[in-house]
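What follows is one structure encoded as structure tokens, with my remarks underneath.
The values are calculated or read from the model by the stated rules, or taken from the named source; none is laboratory data. The structure displayed is predicted, hence computed values, not measured ones. Positions of Cβ are backbone-derived with ideal geometry, glycine not excepted, and every protein chain shown enters the neighbour counts.
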Amino acid sequence: MSRKPIPQRALFFMTAVGLVLPIALAVVLGAASLLAAMADPAGAAALRWVGFGLGVVWVVDLVSLVMAQALNWLSDQNGGHDPRGGSQGD
């Protein structure tokens, strides 16, 4: 059994964050809309910036998750052997 370059625990964490962040983003942007409706433009603007930050973190998490899965998939290909059948010194 080959050792994976990205641990399973890290993949689980990135998947969990990828599922929770859009919910948090929706709640924060909903609260920003509520504050805007209650005539609190400063609070609404602050929460919109927080929402923007959460969106950026979410995108970075999803890209990182795809890259981590790709690295694990590539490490599984051919069991780490040379596809030409020779040794790596050839």
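Cβ separations smaller than 7 Å between residues 6+ apart or across chains give the following pairs from segment 65-85 residues that are at pLDDT below 90 and in a helix (DSSP H, G or I) to residues that are charged (D, E, K, R) and surrounded by 12 or more Cβ atoms within 10 Å (Cβ to Cβ): N72/K4; S75/K4.
Report yes if L11 is assigned to a helix (DSSP H, G or I), within 30 Å of A68 (Cα to Cα), aliphatic (A, V, I, L, M) and in contact (Cβ under 8 Å) with a residue 60 or more places away in the chain, otherwise no. I'd like the intermediate steps shown before the answer.
Values: assigned to a helix (DSSP H, G or I): yes; within 30 Å of A68 (Cα to Cα): yes; aliphatic (A, V, I, L, M): yes; in contact (Cβ under 8 Å) with a residue 60 or more places away in the chain: yes.
Answer is yes for this residue.
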